[in-house]
1. In a loop (DSSP other than H, G, I, E, B), in contact (Cβ under 8 Å) with a residue 40 or more places away in the chain, away from every other protein chain (no Cβ under 11 Å) and open to solvent by less than 80 Å² (accessible area, probe 1.4 Å) - does that describe any residue in the range A:28-50?
2. Given the condition within 14 Å of chain B (Cβ to nearest Cβ) and either open to solvent by 70 Å² or more (accessible area, probe 1.4 Å) or within 19 Å of B:Lys145 (Cα to Cα) (or both), answer yes or no: does some residue in the range A:76-84 qualify?
3. If you go through the range B:55-99, how many residues are touching a residue at least 12 places away in the same chain (Cβ under 8 Å), of a type outside the set (A, V, I, L, M, F, W, C), open to solvent by less than 70 Å² (accessible area, probe 1.4 Å) and more than 17 Å from B:Asn137 (Cβ to Cβ)?
4. What's the number of the condition A:Ala21 fails, among (1) outside any helix (DSSP H, G or I); (2) surrounded by fewer than 22 Cβ atoms within 10 Å (Cβ to Cβ); (3) away from chain B (no Cβ under 12 Å)?
5. Please verify whether A:Ala70 is more than 25 Å from B:Ile146 (Cα to Cα) and surrounded by 12 or more Cβ atoms within 10 Å (Cβ to Cβ), treating the condition exactly as stated.
6. Considering only residues that are assigned to a helix (DSSP H, G or I), of a type outside the set (A, V, I, L, M, F, W, C) and open to solvent by less than 30 Å² (accessible area, probe 1.4 Å), which ones fall in the range B:100-143?
7. Every residue in the range B:2-42 that is touching a Leu at 6+ places or on another chain (Cβ under 9 Å), open to solvent by less than 70 Å² (accessible area, probe 1.4 Å) and part of a strand (DSSP E or B), please.
Amino acid sequence: MPYSRLVEIGRVALVTFGPDAGKLCTIIDVIDENRVLVDGPVSITGVQHQEIGFKRLALTDFKVDVKRNARQKALLAAWEEADVTAKWSATAWAKKLENKKKRAAMSDFDRFEVMIAKKKRTAAMK
Amino acid sequence: MVVKTYQILGRMKPSEKDPNPKVYRMKLFAANDVAARSKFWYFISKLRRVKKAHGQILSCHELIEKNRRIVKNYGVWLRYESRTGTHNMYKEYRECSLNAAIQAVYNDLAGRNRAAPRGIQIIRTAEVKAASTKRPNVWQFLNSKIAFPLAHRVMRSEKRFKTTFKAQKPNTYY
């Protein structure tokens with residue numbers, strides 16, 4: 001299987017660990033074999049310009065057209081052009097993450113409602 | 001140990017013989033102000049005829065990195081003591097700040113050469129331009145169109161999922 005998700009300048013990645021877990025970021029420079037410099041863009045994703053290790057990242061299928069060490073303005077423009085936020089939310093991966101969040105945030109009443117809904121569904125199937 | 005860069009100016013105490021002694025400036029790396037001053041006297045007395053006993057430190061302040069937002073190639077010339085002798089070295093690191101590079105020096109020498117910080121002396125540091133770098137492990141990242149996959153990925157998992165035995169082999173293709 002050829003690798004399609006590469007570590008490269010402009011690659012969109014998901015932060016999987018740490019204070020920014022669950023947020024998207026863009027790789028704007030590669031430091032060495034373990035670390036990259038990432039930036040949000042801050043206004044869209046909330047990830048600040050920082051050094052982050054590969055162990056805390058999961059690469060996505062998306063890539064934006066930016067130069068090395070791109071500034072916020074250029075990064076924002078590239079994100080808008082590539083329409084990353086919309087494309088990401090449409091992926092199964094993003095939807096699964098969203099569902100997980102919803103489940104974790106359920107209250108007892110929500111769980112009750114889900115139970116009722118499931119019962120209705122099975123009754124309708126029969 | 002978090003390493004900081006200090007700039008220290010010191011000279012001999014003024015006397016009747018020498019009312020205006022020469023001022024020496026030294027940039028060095030230490031964990032704090034106190035350690036920096038101590039190191040200053042150690043090095044300066046080896047290089048010049050100044051001692052702490054008849055000298056004074058005019059200023060000691062921390063130097064802040066100008067731009068920590070870009071990756072730079074740092075060349076470090078150092079001298080370290082091995083178990084059987086003392087050697088010179090030149091090493092290169094890709095870091096965002098000089099402090100991070102010197103931190104990397106200490107960690108690297110501890111791991112690779114089993115050298116303790118007390119046996120390491122940083123002789124000179126420089127921000128090296130990409131064309132002047134000498135080490136292949138730095139060259140491989142000096143590519144504006146760099147692209148590489150994360151092959152055989154071992155993903156970090158939550159502590160509760162870490163068991164001795166698993167039903168399936170892990171997925172390493174991401």
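1. Scanning the range A:28-50, I find no residue that is in a loop (DSSP other than H, G, I, E, B), in contact (Cβ under 8 Å) with a residue 40 or more places away in the chain, away from every other protein chain (no Cβ under 11 Å) and open to solvent by less than 80 Å² (accessible area, probe 1.4 Å), so the answer is no.
2. First, pick out the residues of the range A:76-84 that are within 14 Å of chain B (Cβ to nearest Cβ): none.
No; the residues of the range A:76-84 include none that is within 14 Å of chain B (Cβ to nearest Cβ) and either open to solvent by 70 Å² or more (accessible area, probe 1.4 Å) or within 19 Å of B:Lys145 (Cα to Cα) (or both).
3. Looking only at that region, the number is 8.
4. Status for A:Ala21: all satisfied but (3).
5. Considered against the rule, which asks whether it is more than 25 Å from B:Ile146 (Cα to Cα) and surrounded by 12 or more Cβ atoms within 10 Å (Cβ to Cβ), A:Ala70 comes out as no.
6. Restricting attention to the range B:100-143, the residues satisfying the condition of being assigned to a helix (DSSP H, G or I) are B:100-113, B:117-119, B:130-132, B:136-139.
In the following step, the residues that additionally are of a type outside the set (A, V, I, L, M, F, W, C) were identified as B:103, B:106-108, B:111-113, B:117-119, B:132, B:136-137.
B:Tyr106, B:Asp108, B:Gly119 - these are the residues of the range B:100-143 that are assigned to a helix (DSSP H, G or I), of a type outside the set (A, V, I, L, M, F, W, C) and open to solvent by less than 30 Å² (accessible area, probe 1.4 Å).
7. Within the range B:2-42, B:Lys4, B:Thr5, B:Tyr6, B:Gln7, B:Ile8, B:Leu9, B:Gly10, B:Arg11, B:Tyr24, B:Met26, B:Phe29 meet the criteria.
Table: residues versus (1) under 15 Å from B:Pro117 (Cβ atoms); (2) of a type outside the set (Val, Ile, Thr); (3) touching a Gly at 6+ places or on another chain (Cβ under 8 Å).
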{"position": "B:Pro21", "(1), (2), (3)": "no, yes, no"}
{"position": "B:Ala31", "(1), (2), (3)": "yes, yes, no"}
{"position": "B:Leu63", "(1), (2), (3)": "no, yes, no"}
{"position": "B:Glu81", "(1), (2), (3)": "yes, yes, yes"}
{"position": "B:Ile102", "(1), (2), (3)": "yes, no, no"}
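The values are calculated or read from the model by the stated rules, or taken from the named source; none is laboratory data. Just so you know, these numbers come straight off a predicted model, no measurement behind them. Backbone-built Cβ (ideal geometry, glycine too); neighbour counts: all protein chains shown. Note: areas computed on protein heavy atoms with side chains; ligands, DNA, RNA excluded. Shrake-Rupley method; radii C 1.70, N 1.55, O 1.52, S 1.80 Å.
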